[in-house]
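**Student:** Handing you this structure, nothing more for now.
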Amino acid sequence: MKAWKELEQKIARMRGVSRTPLSGGNSKQTRSDTLDNVFFIECKLRKNPAIANLYEQVEKLAKKENKIPLLVIKKKGKHGELFIVSDKYLKEFIEKWEVNNDNNKDKSR
């Protein structure tokens, strides 16, 4: 199996769903790479993606402070931010985001 298909399969298994057969424009079901009913998942396999390099820098700094690395990207002049967190920190990020968000609000008053 090609590496990009393996990535799609891995992510689909993480969600408990199947990889979309003929994913992309050839599928008649969805353009998502998985048959997930909640998330539209697009998997990209690149040799040296710039965003991954940025995240690695954040991860190194976060480790020194024993914190969860989170990279936030915002396109200038557009609404909304893109949150990037590694799958190895995702569960902990989800568990702590709201709790810590509430704690940080209290401290800033």
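The values are calculated or read from the model by the stated rules, or taken from the named source; none is laboratory data. What you are looking at is a predicted structure, and each value in this text was computed from that prediction instead of being measured. Neighbour counts are summed over all protein chains in view; Cβ atoms, including those assigned to glycine, are modelled from backbone coordinates with ideal geometry. Areas reflect the complete protein model, heavy atoms only, side chains present, ligands, DNA and RNA absent. Shrake-Rupley method; radii C 1.70, N 1.55, O 1.52, S 1.80 Å.
**Student:** In this structure, is Leu35 modelled with pLDDT under 95 and surrounded by 13 or more Cβ atoms within 10 Å (Cβ to Cβ)?
**Tutor:** Yes; evaluated as a whole, the condition is true for this residue.
**Student:** If you don't mind, another one. May I ask you to say which residue of Lys28, Lys47, Lys5, Lys78 is within 29 Å of Glu98 (Cβ to Cβ) and among the basic types (Lys, Arg)?
**Tutor:** Lys78
Table: residues versus (1) in contact (Cβ under 8 Å) with a residue 12 or more places away in the chain; (2) in contact with a Ser or Thr (Cβ under 6 Å, 6 or more places away or on another chain); (3) open to solvent by 100 Å² or more (accessible area, probe 1.4 Å).
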position	(1), (2), (3)
Lys2	no, no, yes
Glu6	no, no, no
Val17	yes, yes, no
Asn26	no, no, yes
Phe40	no, yes, yes
Lys47	no, no, yes
Ile84	yes, no, no
Ile94	no, no, yes
Val99	no, no, no
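Yes or no, residue by residue, for (1) of a type in the set (Phe, Trp, Tyr); (2) at pLDDT 95 or above:
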site: Gln57; (1), (2): no, yes
site: Lys60; (1), (2): no, yes
site: Glu65; (1), (2): no, yes
site: Ile73; (1), (2): no, yes
site: Ser86; (1), (2): no, yes
site: Tyr89; (1), (2): yes, yes
site: Glu98; (1), (2): no, no
site: Asn104; (1), (2): no, no
site: Arg109; (1), (2): no, no
